[in-house]
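Worksheet: one structure, shown below.
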Amino acid sequence: MLGSGARAAKPSFVSYISPEEVHVKEPIEKEVNPHLLPGELLLCEASTVYKYIQEDGSNRGTYGKLVCTNFKIAFLDDSASDDNEPQFKNKIVGENDITLQCVDQIYGVYDEKKKLLSGQLRKYPEKLIIYCKDLRVFNFCLRYTKEEEVKRIVSGILHHSQTPKLLKRLFLFSYASAAPKTTDGRNQTVMFDTLEDWRDELERTKGNVKYKVVTTNEGYRVSEKLPLYFVVPICVSEESILKYEGRGIPIWCWSCHNGAALLKMSAFPKEQDDIASQTQKAFLDGIYKTISKPPYELLKMDDLSSSLPSLQDIQTAYTKFKQLFLIDNSTDFWATDVKWFSLLESTNWLEIIRRVLKKAIEVAECLERQQTNVLLIEESATDLCCVISSLVQVMMDSYSRTKSGFQSLIQKEWVIGGHGFLDRCNHLHKSDKEEAPVFLLLLNCVWQLVQQYPPAFEFTETYLTVLSDSLYVPIFSTFFFNSQHQKDTSASGESLKTQSGPFRFLTVWDWSVQFDPEAQAFLNNPFYAEKPKPDKSQRKTARFKHQRQLSLPLTQAKASMKRGFFREETDHLIKNILGKRIGKFINSSDELPNSFREFYDSWHSKPVDYHGLLLPRIDGPEIKVWAQRYLRWIPEAQLHGGGTIATTAKILDLMEEVQSLQEKMDEKRSQAVSGDVHSVPMLRNSARLSSLFPFALLQRQSIKPALPTSTWKDLEDEDDLVKRDDEFVDLSSDMS
């Protein structure tokens, strides 16, 4: 217990401590100081804090110092050395660092009971558990820490991570004031904050014949929610834009090669008096008639609020989904494994991803095959409109599948387009939880395409993972404002420290701020097909063994039950498969319009053009869990020396060998072989890698799952399971 300020026992430092040890010795006393960024201030700290390792149910861990700054919570390991540093290292956020914006919930443990912590505490916990938005879980024991230090560190962490704050109190502003001015490292990313950027995009997509860039909102005289510059049909007048602060105006997103365009519109509020409704209806009728005439012709309107899940549905589904991966220890992980399918289905997260992808395919069909303009309608046009418009462009425009093109797309549709990152991510902690994770939903959908068609993308899933992590790093302005107006007005304020003028915020697209060149290599896909090769295009998906199936079962579920791995769930699964509950995950031809199914099946029957239209596979088990993001902190989910990364390593070795032979045959290197083969030195020993690399390497000690004894009795031998799984895969291949 925490009592008079003396330690319960003066423990000594040992690398690992088992619960059976009775005597705790004195830790090695050495000064460990945090690395502080420009503008970062140390607020409170506590020594002799014990951090548990969540590999099993034991109390193993290591001693160190727990600190809280105005940027992060950090655990400084007494035993840390350069040898233990991860190879894929983030220069801003360390392995044991948690930015204040990344903290999700904090629990205290009192007499072995967990309690959610908030506000002022009357009693301070013996243990502190921090759940993070990137799904890390940190367990700290404060039993051997001085009482006054416990009070300061717990109160400090709660205050700075869980209480509402003003925008100017974000570390973003402190860093912008104190950091040295550097050159803009946005690379080839188009920021869409100038008139020229929009004109260039119109010219690139050949949309400048029917559409124009307007400057009506300069000075934000139309609306603070709209960007300074945007694109509308040529026939739309300035008076129409000004009338309802931009509502009811079709705003251009992108033009297809055949001239059809994707548009979005901010709808009028539904609850209004009759006179206002009639006036607005007449206004909309006039707009529709104007843009239905040549050269626009056909127009299909799609109200996303009625055709897609609501924001509340998305938030509820993700809240349930992420709980599957916030695992305290191995026992909890394996306890969920015996009912994995039903837990995954009950979250509805994969179904939402499937519905969003299906909607994007529907829009692509209208644009590509029917050559019809599509107008997406939403109340604010800054949430689901952003998701669908971005997905359509990724599917139809190969430029959006390059790294600079994808980053430019995020700038255009999300950052400048006015998505409320500040509110959706709850950066100011104005509520107890995040709002709908709409941007994360987009990244999940893009990941489905990346893992289905790797050669079509210049970036990797690791790129998407670190991009999702960057949502919570408050040194970049990209994801910390609700609109361009909010950023511009905030940036125009005087610098807190230097008083030398407006703030100069960093953009997240300068990856050199977070990663060294060697680490940045993992963001680039060495297998990216730079030039289309129709004669060699094949769409054969390799099969990899996983400890945990990452998609909902279709025919595979029968084999799983037959093997007995989910024996406790057999009856439940049979009911689902034979009944109608799981039917929503199986895209039968009866569910879909004939034109959609014809378009979908026709495209999938042909070889893939990696620089042309891409349609995701959305039937049943094709929608998978993004393993690298959601399972990377769970050692039991790793395949040691296996997974896609092991295949990548072997292919890179072969590419390097071929490249070396080619150089010997000809002084000029063949253009058919990528020149980035030498840029991934960490992949040389695939046996040292895990399937969740680069976020996890092979663990030093073997991992023995702490399954309950009763559960083990119900399971077959693991080798038998693997053998029978291989037999099933071979049988399935023969049947196909």
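The values are calculated or read from the model by the stated rules, or taken from the named source; none is laboratory data. If you're wondering where the values come from, they're calculated on a predicted model, not measured in any experiment. For neighbour counting, all protein chains shown are included, and Cβ atoms are generated from backbone atoms with ideal geometry for every residue, glycine included. Surface areas here come from the heavy atoms of the whole protein model, side chains and all, with no ligands, DNA or RNA. Shrake-Rupley method; radii C 1.70, N 1.55, O 1.52, S 1.80 Å.
Between Ser431 and His604, the FRET efficiency from the beta-carbon distance, with R0 = 45 Å, is close to 0.60.
Remark: for residue pairs Lys168/Lys225; Lys225/Lys430; Lys281/Lys359; Lys168/Lys270; Lys243/Lys289; Lys51/Lys146, the C-alpha separation exceeds 24 Å in Lys281/Lys359; Lys168/Lys270. Using a probe radius of 1.4 angstrom, the carbon and sulfur fraction of the accessible surface of region 289-375 is 50%. Computed over protein heavy atoms with a 1.4 Å probe, the accessible surface of region 418-510 works out to 29 Å² per residue. Residue pairs exceeding 19 angstrom between C-alpha atoms, taken from Lys339/Lys624; Lys300/Lys412; Lys65/Lys133; Lys358/Lys624; Lys91/Lys127: Lys300/Lys412; Lys65/Lys133; Lys91/Lys127. Using the Cβ-Cβ distance between Val658 and Ile53 with R0 set to 51 Å, the FRET efficiency works out to roughly 0.75. Gain on full extension, evaluated as 0.36 nm per residue between Arg221 and Leu298 minus their Cα-Cα distance, stands at 24.5 nm.
Does region 369-478 classify as rounded, prolate or oblate by the C-alpha gyration tensor (a ≥ b ≥ c root eigenvalues; a/c under 1.5 gives rounded; else a/b over b/c gives prolate, otherwise oblate)? Note, shape of region 369-478 comes out oblate.
Estimated at 0.36 nm per residue, the fully extended path between Asp510 and His159 surpasses their Cα-Cα distance by 123.2 nm. One Cα centroid belongs to region 443-497, the other to region 310-327; the line between them spans 21 Å.
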